[in-house]
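See below for the structure under consideration.
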Amino acid sequence: MNLILLGPPGAGKGTQAKRLEERFGLVQISTGDMLRAEVKSGSAIGLEAKAIMERGELIPDSVITAMLAARVEQPDAARGFILDGFPRTTPQAEALDVMLAGKGLVLDHVIELQVDDAKMVERISGRYTCAKCGEGYHDTFKQPKTAGVCDVCGGTEFTRRADDKAETVGARLAAYHRQTAPLLPYYEAQNKLRSVDGMAEMSAVTSDLERILTSGA
Ligand code: AP5
């Protein structure tokens, strides 16, 4: 099974992708995580991407599409994948269609997480992750069981993303509405689009997604 999670910054794509990964044996492919790894490694792509990401703008389609194509070739993607953060523009969606057709693969579901933009700044600016294992937390919505200690690995160092400042979040939301929202009618025309309420409690969102993936409803 191959699917796309669509939604603006902070909609919960990463949170839900991790849960579906475990439940359905799929692999999460997050272009944002891939780009952050490139920035950290200081690669040529990372150097190009860093400033663009910090402005809340999108990386050029050619760069990101080549990166995604290489990732989909990796053996773990053969068991099925959840695209988190890709595609983000119509040219990326068209390139994905060609790429999948060339591999004899199909896109089973495109699921939009519908959220209230006004609440996204709070969600995003409260987010932090364990520096050791990457487990995600939130100042209000998901705190570690013991303050300052990661539930998963016991790590005590946490990081916040450079693009999670309130002013950058505004630019990211604007980019979503201008460049990514046109993908909703694109996938509706392919009869693949389903929507869930991304403002619901995290477990309720997971249940809605699981229902779509198991029954198609
Ligand atoms: P990317 O990393 O993809 O970021 P994003 O799309 O802006 O999405 P986020 O990771 O911010 O949010 P999310 O929806 O995953 O929410 P999360 O689960 O973390 O992209 C970053 C940048 O990379 C882009 O701006 C661009 O520059 C570049 N880029 C990436 N892909 C690209 C592409 N294809 N083309 C061009 N450029 C690209 O949840 C957020 C917080 O809310 C968490 O703290 C979580 O705990 C909490 N939360 C989640 N769900 C709920 C809930 N139901 N209730 C309460 N809290 C919740």
- Residues being in contact (Cβ under 8 Å) with a residue 60 or more places away in the chain and either in a helix (DSSP H, G or I) or not small (Gly, Ala, Ser) (or both): count how many of those fall in the stretch 77-95. 10
- Message: For the stretch 49-68, which positions are of a type outside the set (A, V, I, L, M, F, W, C) and touching a helix residue (DSSP H, G or I) at 6+ places or on another chain (Cβ under 7 Å)?
- Response: Lys50, Glu54, Arg55, Gly56, Glu57, Asp61, Thr65
- Item | Residue satisfying all of: in the stretch 146-198; touching a helix residue (DSSP H, G or I) at 6+ places or on another chain (Cβ under 6 Å) and among the β-branched types (Val, Ile, Thr); nearest to the ligand (Cβ to nearest atom) among these | Val169
- Item | Hits in the stretch 1-42 - residues which are touching a Gly at 6+ places or on another chain (Cβ under 9 Å) and among the β-branched types (Val, Ile, Thr) | Thr15, Val27, Ile29, Thr31, Val39
- Query: What do you reckon, is Ala69 open to solvent by 40 Å² or more (accessible area, probe 1.4 Å) and within 15 Å of the ligand (Cβ to nearest atom)?
  - Reply: no
- Item | Met53, sole failed condition from (1) outside any helix (DSSP H, G or I); (2) of a type in the set (A, V, I, L, M, F, W, C); (3) at pLDDT 95 or above | (1)
- Message: For the stretch 193-217, which positions are among the acidic types (Asp, Glu) and in a helix (DSSP H, G or I)?
- Response: Asp208, Glu210
- Item | Matching residues, the stretch 9-58, being within 9 Å of the chain's Cα centre (by Cα), more than 7 Å from the ligand (Cβ to nearest atom) and open to solvent by 10 Å² or more (accessible area, probe 1.4 Å) | Gln28
- Message: Going residue by residue through the stretch 158-178, is there one that turns out to be at positive phi and either modelled with pLDDT of 95 or more or hydroxyl-bearing (Ser, Thr, Tyr) (or both)?
- Response: no
- Residues (among the charged types (D, E, K, R) and either open to solvent by less than 30 Å² (accessible area, probe 1.4 Å) or outside any strand (DSSP E or B) (or both)) located in the stretch 113-137: Asp116, Asp117, Lys119, Glu122, Arg123, Lys132, Glu135
- Query: Which one is modelled with the lowest pLDDT, of the residues in the stretch 72-96 that are over 19 Å from Leu20 (Cα atoms) and of a type in the set (D, E, K, R)?
  - Reply: Glu73
- Query: Out of all the residues in the stretch 160-181, which are under 17 Å from Ile111 (Cβ atoms) and either in a loop (DSSP other than H, G, I, E, B) or more than 16 Å from the chain's Cα centre (by Cα) (or both)?
  - Reply: Ala181
- Message: Among (1) within 11 Å of the ligand (Cβ to nearest atom); (2) under 17 Å from the mean Cα position of the chain (by Cα); (3) not hydroxyl-bearing (Ser, Thr, Tyr), there is one condition Gly80 misses while meeting the rest; what is its number?
- Response: (1)
- From the residues in the stretch 140-151 that are surrounded by fewer than 12 Cβ atoms within 10 Å (Cβ to Cβ) and assigned to a loop (DSSP other than H, G, I, E, B), which one is modelled with the lowest pLDDT? Thr140
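The values are calculated or read from the model by the stated rules, or taken from the named source; none is laboratory data. Every value quoted in this text rests on a predicted model; they were computed, and no experiment measured them. Positions of Cβ are backbone-derived with ideal geometry, glycine not excepted, and every protein chain shown enters the neighbour counts. Quick note on the areas: whole protein, heavy atoms, side chains included, nothing else; ligands and nucleic acids left out. Shrake-Rupley method; radii C 1.70, N 1.55, O 1.52, S 1.80 Å.
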